[in-house]
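Since every read-out is calculated from the coordinates, none of them should be taken as a lab result. Owing to the predicted nature of the structure, the values given are computational and were not obtained by experimental measurement. Here the Cβ is made from the backbone with ideal geometry for all residues, glycine too, and neighbour counts use every protein chain on show.
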Amino acid sequence: MALVVQKYGGTSVANIEKIENVARRVINTKEAGNEVVVVVSAMAGETDRLIDLAHSASEKPNEREYDALISTGEQVTVSLLAITLNKMGYKARSFLGHQVKIVTDEAHNKARILSVDTKTINDELKKGTVVVVAGFQGIDPEGNITTLGRGGSDTSAVALAAALQADICEIYTDVDGIYTTDPDICPKARKLKKICYEEMLEMASAGAKVLHPRSVELAKKYGVPVQVRSSVNDNGGTLVTKEDKEMEKVVVSGVTYDRDQAKVTIVRVPDRPGIAARLFTPLSDQNIIVDMIIQNASIEGYTDLTFTVSKKDIVDVKKMLEIAAQDIGAEKVEFDENISKVSIVGVGMRSHAGVASRMFATLAKEGINILMISTSEIKISCVIETKYTELAVMALHDAFKLEKEG
Ligand code: ADP
Ligand code: ASP
Ligand code: MG
């Protein structure tokens, strides 16, 4: 008997009919002789609606109450799925994060899972029950409700799979696998049969929202095989797994984009020790993630410092930096929200030269100006103007011949 963790995203549980479809899939898996733990997201659009409500009540809602509110979407879908499974003749029980216990740190809105108590779930599985767990939420050590960040139900599922030592974690969504780029914006995107944890982690961190980055991090750490599939057809999906020799032959495996970034430039920063720490410490204290950072060469003791943050953090960043910049004697702070980041990812980059120059030449040929560049061992990212996002993705997809089997 295998233990299968299945996660269904918002579009897969958007109404009762779709929840019935999910229930039938769960039953098929159970009837095939498996134990099943199901993780669900809120109905499509529900978390957005709750976030809007919070912001119409207050410009800056209290973080604890905000999480208490936006986690409620998942309470609706877990109970509806359990009710539906019961109606179809199967034992099922729903659990919220605090009932399982999924313990996280205190970072409201972007909490990280610290531990998962498996006792309650294992007891239920022994009784033959289908266990239905709310994604996206947990409790901190003080018992406050926390949420894991947008798209965080994937992380709930992988964390449960790791803790329960499940045989597989299946992520059911509105695409039938992981593609060479977002099939929504590039019709030539090709489905991958397999992708390694490292590449998927870079793709997810660079904006491919098909998997929450932290879910891939956990899958890699605990060796959880993750299968991404469609909840409406039986097409073979994509397996996220360990790297193998074959994967290195492909130079670039995927192109991703992220429209959620904003660029911040601190102009004429005095160039002396401790300045970067003075600027970035207040941001890290507030759990604000800084992505790309560029410091220009110093001229006459002054330098410009440019970095990117998530657009949703920009109001907080503005407040903090305007004070910090004054303190250190910088001239001014500039913000640009009209940017996107496009990235190419592939483990084959480690052993192939000329990848970056091909990326730059491709963007140049389309007349796209590069505003910032950053690289890792298996990823190259360029910041460009938002209006060129689709064009850049399609041009890079063509340039690296991704429509053809690697
Ligand atoms: P869910 O609500 O099921 O969690 P998401 O909307 O979070 O689903 O993620 C699925 C979406 O991810 C797809 O509809 C697709 O547009 C987008 N996506 C972005 N990049 C990729 C990619 N490389 N492969 C597949 N889907 C991708
Ligand atoms: N419901 C949450 C969101 O919309 C979590 C998730 O869907 O994974 O972000
Ligand atoms: Mg998602």
Can you find a residue in the stretch 52-63 that is free of Cβ contacts under 8 Å to residues at least 60 places away in the same chain, more than 20 Å from Tyr172 (Cα to Cα) and within 16 Å of ligand 3 (Cβ to nearest atom)? no
The stretch 184-243: strands (runs of 3 or more DSSP E) wholly inside it with 2 or more residues that are within 13 Å of ligand 1 (Cβ to nearest atom) are 226-230, 238-241
Expected output for the stretch 197-215 (first residue closer than 12 Å to Thr256 by Cα and touching a residue at least 12 places away in the same chain (Cβ under 8 Å), partner in a helix (DSSP H, G or I) and within 16 Å of ligand 2 (Cβ to nearest atom), Cβ below 7 Å, 6+ apart or cross-chain) is Met200/Val216; Leu201/Pro213; Leu201/Val216; Leu201/Glu217; Ala204/Pro213; Ala204/Val216
Among the residues of the stretch 244-263, which ones are touching a helix residue (DSSP H, G or I) at 6+ places or on another chain (Cβ under 6 Å) and in a strand (DSSP E or B)? Gly254, Val255, Thr256, Tyr257, Ala262
Quick one: would you say Ile145 is within 13 Å of ligand 3 (Cβ to nearest atom) and crowded, with 20+ Cβ neighbours inside 10 Å? no
Please go through the stretch 367-388 and give me each residue that is of a type in the set (Gly, Ala, Ser) and touching a residue at least 24 places away in the same chain (Cβ under 8 Å), ordered by number. Ser374, Ser376, Ser381
Only residues that are surrounded by fewer than 18 Cβ atoms within 10 Å (Cβ to Cβ) and hydrophobic (A, V, I, L, M, F, W, C): list them for the stretch 265-279, please. Val267, Ala276, Ala277
Lone unmet requirement of (1) within 16 Å of ligand 2 (Cβ to nearest atom); (2) assigned to a strand (DSSP E or B); (3) closer than 28 Å to Asn28 by Cβ for Thr155: (2)
Restricting the stretch 284-308 to residues that are among the hydroxyl-bearing types (Ser, Thr, Tyr) and within 30 Å of the chain's Cα centre (by Cα), the residue that is surrounded by the most Cβ atoms within 10 Å (Cβ to Cβ): Thr308
List the residue pairs whose Cβ atoms are under 6 Å apart, where the first residue sits in the stretch 311-333 and is under 11 Å from Ile288 (Cα atoms), the second is exposed (fewer than 13 other Cβ atoms within 10 Å of the Cβ) and hydroxyl-bearing (Ser, Thr, Tyr), and the two are 6 or more positions apart or on different chains. none
Pairs with Cβ under 7 Å, 6+ apart, first in the stretch 158-171 and more than 13 Å from Val240 (Cβ to Cβ), second in a helix (DSSP H, G or I): Ala159/Leu218; Ala162/Leu218; Ala162/Tyr222; Leu164/Ile121
Could you tell me which residue of the stretch 177-197 is nearest to the chain's Cα centre (by Cα), considering only residues that are closer than 13 Å to Lys401 by Cα and surrounded by 22 or more Cβ atoms within 10 Å (Cβ to Cβ)? Thr181
Against the definition (free of Cβ contacts under 8 Å to residues at least 24 places away in the same chain and farther than 25 Å from Asp260 by Cβ), how does Asn86 come out, yes or no? yes
Six or more apart or on different chains, Cβ atoms under 8 Å: show the pairs whose first residue is in the stretch 115-134 and assigned to a helix (DSSP H, G or I) and whose second is among the polar types (S, T, N, Q). Thr120/Gln99
Select from the stretch 34-50 the residues that are in contact with a helix residue (DSSP H, G or I) (Cβ under 6 Å, 6 or more places away or on another chain) and surrounded by fewer than 19 Cβ atoms within 10 Å (Cβ to Cβ) and write down the one among them that is farthest from Ala157 (Cα to Cα). Leu50
Testing Asp260 on (1) within 15 Å of ligand 3 (Cβ to nearest atom); (2) surrounded by 22 or more Cβ atoms within 10 Å (Cβ to Cβ); (3) over 22 Å from Gln6 (Cβ atoms), one condition comes back false. Which one is that? (2)
Before we move on, is Arg214 surrounded by fewer than 22 Cβ atoms within 10 Å (Cβ to Cβ) and of a type outside the set (Asp, Glu)? no
